[in-house]
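The values are calculated or read from the model by the stated rules, or taken from the named source; none is laboratory data. Computed from a predicted model, the values in this text were never measured in an experiment. All Cβ positions, even for glycine, are placed from backbone atoms using ideal geometry, and neighbour counts span all protein chains on display. Surface accessibility is based on the protein's heavy atoms, side chains included, excluding ligands, DNA and RNA. Shrake-Rupley method; radii C 1.70, N 1.55, O 1.52, S 1.80 Å.
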Amino acid sequence: MSRQQGVVGRFELDAGGNVSRFARIDPAGTVRDSFLFINPFVIDPNDTRRMYMPYSRVMYRCSDITRTPWGSWDTAATAKEGWDVMPLKYSNKVISSVAVSTLPADRMYYGTQDGYVYRVDDIRSATPSMRDISGASFPRGNVECIAINPHNADSLVAVFSNYGVQSLYFSADGGSTWAAVGGNLEGPVNGVGNGPSCRWATFAFVNGKSMIYVGTSVGLYSTALLNGSATVWVQEGASSIGRAVVSMMDYRES
């Protein structure tokens, strides 16, 4: 888990949920003020020892977070092991979101604060390849989240969190083409102006059916069919979640 400005810890809990061991594992040699206040990171779903973490305009990767010994909680360079900066041709843009694929593995998508999305292949290699896959109609807004279909890494949703912009874009071909899929979330929703701020998206599989969930500033919504501007999003948990802000979510099939 993490706290503000990129401080990340690895914790081991006992059967009662109490912390039994811990270690601080964020990259050594970094400056906290250069992390975002809420800084993203991702554990590789194919190998939970591997971690990826943006630091301003670059991406750090850790080959094995278990190499940092238990009990380490300082800022010394020797305390947090296994990190390097991914050798990519970075743009001068602050990275705001990151996601790693499951099938196939070793693909990363990341977004920036000013509306750009990049694809990186062969992320474990010494020479990963990177390309700009930003859509021509993307707003110059904050890419808060990128959701990847765990069964098909070519299928993904980019979430722009600003108000007054198209919030949701879908690609079925790994970022070669994009379609806005905000649908009824882009118009008045429960009387909320031009529509809510979208914050997060997740692919889920419910009773054998593929679903996409979106967290917004006015609750949780879902759809089973992405159909461009005609996409219909339905509120989930109206009497339980209600209009609470849904900033983030996680999901597992098992």
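Below, the figures for the structure above:
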item: Output for the stretch 1-40, where each listed residue is touching a helix residue (DSSP H, G or I) at 6+ places or on another chain (Cβ under 8 Å), open to solvent by 60 Å² or more (accessible area, probe 1.4 Å) and assigned to a loop (DSSP other than H, G, I, E, B); result: PHE37, ILE38
item: Which numbered condition VAL117 fails, given (1) aliphatic (A, V, I, L, M); (2) closer than 26 Å to ILE38 by Cα; (3) surrounded by fewer than 18 Cβ atoms within 10 Å (Cβ to Cβ); result: (3)
item: In the stretch 110-133, the residues that are without any contact (Cβ under 8 Å) to a residue 40 or more places away in the chain, of a type in the set (Gly, Ala, Ser) and in a loop (DSSP other than H, G, I, E, B); result: SER125, ALA126
item: Count of residues meeting criterion [within 18 Å of TRP200 (Cα to Cα) and part of a loop (DSSP other than H, G, I, E, B)] in the stretch 86-109; result: 1
item: Residues of the stretch 133-145 classified as surrounded by fewer than 24 Cβ atoms within 10 Å (Cβ to Cβ) and closer than 13 Å to SER97 by Cα, total; result: 2
item: Residue within the stretch 219-227 that is at pLDDT below 95 and either in a helix (DSSP H, G or I) or closer than 24 Å to SER97 by Cα (or both) present; result: no
item: Test: residue in the stretch 122-130 that is of a type in the set (Asp, Glu), surrounded by fewer than 21 Cβ atoms within 10 Å (Cβ to Cβ) and within 17 Å of the chain's Cα centre (by Cα); result: no
item: Whichever residue in the stretch 193-250 is crowded, with 16+ Cβ neighbours inside 10 Å and of a type in the set (Phe, Trp, Tyr) and, among such residues, is nearest to VAL159 (Cα to Cα); result: TRP200
item: Residue selected from the stretch 1-53 under the condition more than 21 Å from GLY71 (Cα to Cα) and among the charged types (D, E, K, R), by the criterion modelled with the lowest pLDDT; result: ASP33
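Listed here are the residues, each with its yes/no results for (1) under 30 Å from ASN152 (Cα atoms); (2) charged (D, E, K, R).
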| position | (1), (2) |
| --- | --- |
| ARG61 | yes, yes |
| ARG67 | no, yes |
| TRP70 | no, no |
| ILE95 | yes, no |
| ALA99 | yes, no |
| ALA105 | yes, no |
| TYR110 | yes, no |
